[in-house]
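Participant: Okay, handing you the structure first.
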Amino acid sequence: MVPQFFAQADLIGDSSRTDSARYPQEALPSPTPVASPREQRPQESDEVVRVETNLTNIFFTAADSNKRFIGNLKKEDIRVIEDDQPQEIFTFQQNTDLPLSIAILIDTSRSEERTLPEEKAAARSFLEAVLRPEKDEAAVVSFTGDVTLEQGFTGNLDRLRRAVDRVEFIPPSGYLGGGVVVGGTPPISDTNQIMAGSTAIWDAVWASSNELLSDSAENTRRTIILLTDGEDTISQVKMHDAIERAQKADALVYAIGIGDRYSFGVDEGALRKITEQTGGRAYFPHNERELRDAFVQIQRDLREQYLVAYSPSNKERDGSYRRIQIEVINPELRRQKLKLTFRPGYFAKTSAPTSPATRKRQTK
């Protein structure tokens, strides 16, 4: 059974939609889930652009021991290795102006009840600070045991604010507050209540990578920002499947590990793993100030990146996973013990192009 978006609350941001649009639907398995019916899209987003290139693009950040961004690296300062073989670099540049496609995934299960208001406020502030008109786009997804698309990709801040405002804690049956549930299990037939008491983190990452980011605007830095405590209870897919799907979508995953630490705890190990395997970072704030600081750091990471492009010496189009290492070879810089953050690998293309078509960026 393939995870998919359970409901689409405000797919294209139609201002005539109200909160009543978040109606329950029957979640049906689909081997080819589709996040957004083509006919619901504005006409301008329908034009398809096929992007084919033999170059492998790798984004990375460089920071010193004080976590300060290093912005003066040159092509000759680094070396790129793929599967133990040095690669010839064709492009090396700092990308502070790259368009962004950001999917914000918000856990609304009972472990987030106390922190959800602060999460929503920080997410709104982040979107207001990072999105540039006519250039960047974002989407908003909420999840418990089901995954709800609150807002498809758009550059319209008003639509995104409304989507974040719609996100709310969904109590399971018998919930008294403070993480306490009484009255036994919900009726077997009450699927919505069962899902409300569960958390499907990996389904949310898988569906967002497969349905949202794979259809995001062309030539953008694809990113998932995951707000959750990391405790998955009901996903159909495993963590490694979600990681692989994000890697195939060329998406960075940033995780903000947050929730009710006293009643539920935070699975730091799981969140560190998914971020490290996709080239992002994990943050574990203990208060509202640290939460906002985490979003500020993510914003810096997305803006202060280098792009390395190379044509792999292995020309086989076999869909295999290729491991990547970026090393500093400048002796003076090596002494500074810089920390480079990048995705550790990628999946090679196959002989028959299977990558989805990309679309023009929606700005209105």
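Participant: Tell me the residue from Gln85, Gln94 that is at pLDDT below 90, open to solvent by 40 Å² or more (accessible area, probe 1.4 Å) and of a type in the set (S, T, N, Q), please.
Facilitator: Criteria check complete, one pass: Gln94.
Participant: Here's something else I'd like to know. It is to be established whether one or more residues within the range 70-78 are part of a strand (DSSP E or B) and either closer than 28 Å to Gly257 by Cβ or at pLDDT 90 or above (or both). Spell out how you get there, then give the answer.
Facilitator: To start, the set of residues in the range 70-78 that are part of a strand (DSSP E or B) comprises 78.
Now drop any that are not either closer than 28 Å to Gly257 by Cβ or at pLDDT 90 or above (or both), which leaves 78.
Looking through the range 70-78, at least one residue is part of a strand (DSSP E or B) and either closer than 28 Å to Gly257 by Cβ or at pLDDT 90 or above (or both).
Participant: State all residues of the range 270-325 that are open to solvent by 20 Å² or more (accessible area, probe 1.4 Å), among the aliphatic types (A, V, I, L, M) and in a helix (DSSP H, G or I); if no residue qualifies, say none.
Facilitator: Of the range 270-325, the ones open to solvent by 20 Å² or more (accessible area, probe 1.4 Å) are 272-273, 276-277, 281-284, 286-290, 292-293, 296-297, 299-300, 303-304, 307, 311, 313-321, 323, 325.
Still in the list and also among the aliphatic types (A, V, I, L, M): 282, 296, 307.
Correct list: Val296 only.
Participant: If you scan the range 328-342, which residues turn out to be open to solvent by 50 Å² or more (accessible area, probe 1.4 Å), outside any helix (DSSP H, G or I) and farther than 30 Å from Ala123 by Cα?
Facilitator: Within the range 328-342, Ile329, Gln336, Lys337 meet the criteria.
Participant: Does the range 283-301 hold any residues that are free of Cβ contacts under 8 Å to residues at least 60 places away in the same chain and among the basic types (Lys, Arg), and which are they?
Facilitator: Once the filter is applied, which keeps residues that are free of Cβ contacts under 8 Å to residues at least 60 places away in the same chain and among the basic types (Lys, Arg), the range 283-301 yields only Arg289.
Participant: Considering only the range 217-269, state which residues are assigned to a strand (DSSP E or B), among the polar types (S, T, N, Q) and out of contact with any helix residue (DSSP H, G or I) (no Cβ under 6 Å at 6 or more places or on another chain).
Facilitator: Of the range 217-269, the ones assigned to a strand (DSSP E or B) are 217, 221-228, 251-257.
After this cut, where a residue has to be among the polar types (S, T, N, Q) as well, the list is 223, 228.
Thr223, the sole residue that qualifies.
Participant: Can you say whether Lys315 is farther than 30 Å from Phe69 by Cβ, of a type in the set (D, E, K, R) and at pLDDT 90 or above, as far as the supplied structure shows?
Facilitator: Yes.
Participant: Test Ala129 against the stated conditions and say whether it is farther than 17 Å from Thr220 by Cβ, aliphatic (A, V, I, L, M) and open to solvent by 50 Å² or more (accessible area, probe 1.4 Å).
Facilitator: yes
Participant: Restricting attention to the range 83-123, which residues are touching a helix residue (DSSP H, G or I) at 6+ places or on another chain (Cβ under 7 Å), in a loop (DSSP other than H, G, I, E, B) and closer than 27 Å to Gln305 by Cβ?
Facilitator: If the condition is that a residue be touching a helix residue (DSSP H, G or I) at 6+ places or on another chain (Cβ under 7 Å), in a loop (DSSP other than H, G, I, E, B) and closer than 27 Å to Gln305 by Cβ, then Thr96 is the only one that fits.
Participant: Continuing with the same structure: In the range 50-69, which residue that is modelled with pLDDT of 90 or more and of a type in the set (Val, Ile, Thr) is surrounded by the fewest Cβ atoms within 10 Å (Cβ to Cβ)?
Facilitator: Once the filter is applied, the top-ranked residue is Thr56.
Participant: Give me the residue from the range 226-248 that is of a type in the set (A, V, I, L, M) and surrounded by 24 or more Cβ atoms within 10 Å (Cβ to Cβ) and, out of that set, farthest from Gly319 (Cα to Cα). Full working, then the answer.
Facilitator: To start, the set of residues in the range 226-248 that are of a type in the set (A, V, I, L, M) comprises 226-227, 234, 237, 239, 242-243, 246.
Cutting the leftovers down to surrounded by 24 or more Cβ atoms within 10 Å (Cβ to Cβ) gives us 226-227, 242, 246.
Details: Leu226: 27, Leu227: 31, Ala242: 17, Ala246: 15 Å.
Applying the filter and picking the extreme gives Leu227.
The values are calculated or read from the model by the stated rules, or taken from the named source; none is laboratory data. Note that the coordinates shown come from a computational prediction; the quantities given were computed from them, not determined experimentally. Note: ideal-geometry Cβ built from the backbone for every residue, glycine included; neighbour counts use all protein chains shown. Only protein heavy atoms, including side chains, enter the accessible area calculation; ligands, DNA and RNA are left aside. Shrake-Rupley method; radii C 1.70, N 1.55, O 1.52, S 1.80 Å.
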